[in-house]
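Here the structure is laid out as structure tokens; the discussion comes afterwards.
Rule-based calculations on the coordinates, nothing more; no lab input. Just so we're clear, the structure is a prediction, and the values are computed from it rather than from any experiment. Don't worry about glycine lacking a Cβ; one is built from the backbone with ideal geometry, like all the others, and counts go over all protein chains shown.
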Amino acid sequence: MTEPVDLSTRAVDLRELMDDPGCDPATLDRTFRRFALVNAAVSGWRSVWRTHVVPALPPTGRARVLDLGCGGGDLARSLVRWARSDGFDLEVVGVDPDPRAIAAAERQTTAGVTFRTQSSGDLVAAGERFDVVVSNHVLHHLDDAERAAFLRYSAELAVGRSVHSDIRRSVSAYRLYAVGASFVAAGTFIREDGLRSIRRSFTVPELAAALPSGWRAEPASPHRVLAVRD
Ligand SMILES: C[S@@+](CC[C@H](N)C(=O)[O-])C[C@H]1O[C@@H](n2cnc3c(N)ncnc32)[C@H](O)[C@@H]1O
């Protein structure tokens with residue numbers, strides 16, 4: 001059973017346990033690595049790869065993709081795997097400002113994927129460019145100023161498209177996650193932070209209103225929302 005919560009507005013003041021700099025490092029490490037299971041179940045990136053990333057890749061079939069806020073790195077690894085099976089030669093760079101995320105990501109090496117402890121601002125300052133810039137479950141983490149900077153840097157870093165995917169807040173998403181997460185959450189922050197994430201996340205109209213000019217909000221199913229810029 002889940003406690004009744006008000007999902008009518010974004011719970012922007014709710015902080016996630018993993019965002020506490022003093023949180024237990026072992027629990028955080030397990031959380032970053034267990035994200036792979038959660039993302040495989042809920043993120044829908046296999047379909048976003050086909051509908052939003054592949055059409056934005058250069059005709060040569062060779063491309064660089066940036067995963068901003070890569071966490072434990074599973075999306076970066078998945079993109080390279082899907083690219084290989086679809087005939088693309090992809091190099092993916094996963095960056096995260098949290099060195100603890102990169103430490104978890106680097107436990108597993110995958111050809112074509114590199115991880116770096118860097119911010120998007122560092123990449124812009126270094127003059128880096130990528131064919132496509134993506135992220136997963138980062139938008140809801142950010143306050144208004146952080147989100148504005150994140151999207152501005154994303155647009156500067158992308159030669160082509162930016163696609164940022166996140167949870168779409170709804171009662172059904174909350175209830176489903178509350179039950180489903182119990183099976184994979186032991187020893188991690190995944191259940192509590194996932195529920196807080198849903199409470200912090202956007203509906204499609206909310207995201208559309210929060211995006212700067214040039215960006216659009218799209219529903220993706222089930223329970224997902226995308227911020228896209230071409
Ligand atoms: C919920 S985790 C998601 C991790 C990973 N993308 C995934 O889907 O498993 C959010 C990540 O965003 C990172 N993050 C926070 N602020 C950021 C920013 N301004 N730019 C990029 N990443 C950020 C955090 O360090 C954290 O690793």
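Just to be sure I understand the model, the point goes 7 Å from the Cα along the line to the Cβ. What's the resulting Ser85 to Ser47 distance in nm?
Taking the two extended label points, one gets 1.7 nm.
Using a simple spin-label model with points 7 Å from Cα along the Cα→Cβ vector, what separation in nm is obtained for Arg116 and Ser213?
Once both label points are built, they end up 3.1 nm from each other.
Starting from the Cα gyration tensor of the stretch 17-229, take the square roots of the eigenvalues, sort them a ≥ b ≥ c, and report rounded, prolate or oblate (rounded when a/c is under 1.5, otherwise prolate if a/b is larger than b/c, else oblate).
In terms of gyration-tensor shape, rounded.
In whole percent, what relative contact order does the stretch 17-229 give with Cα contacts below 8 Å and a gap of six or more residues?
Value for the stretch 17-229: 22 percent.
In the stretch 32-63, whose amide N lies under 20 Å from the spot 7 Å out along Cα-to-Cβ of Glu206? List them in ranges.
The answer is 42-44, whose backbone nitrogens lie closer than 20 Å to the label point.
Say a site is exposed when it is one of the GluC sites (Glu not before Pro), sits in a DSSP loop, and has at most 16 other Cβ atoms within 10 Å; what is then the longest site-free stretch of the chain?
Counting only loop sites that pass the neighbour cut-off, the longest clear stretch is 1-105.
Using the basic label-point model (7 angstrom from Cα toward the beta carbon), what is the Asp144 to Val159 distance in nanometres?
The two pseudo-label positions are separated by 3.6 nm.
For the chain, what does the helix formula give at 222 nm: sum of -39500 (n - 2.57) over DSSP H segments with n ≥ 4, over the residue count, nearest 500 deg cm²/dmol?
Value at 222 nm, helices only, nearest 500: -11500 deg cm²/dmol.
Give me Asp67, Asp143, Asp29 sorted ascending by neighbouring Cβ count inside 10 Å, so fewest comes first. Present the calculation step by step, with values, prior to reporting the outcome.
Working: Asp67 28, Asp143 9, Asp29 17.
Going from sparsest to densest Cβ surroundings: Asp143, Asp29, Asp67.
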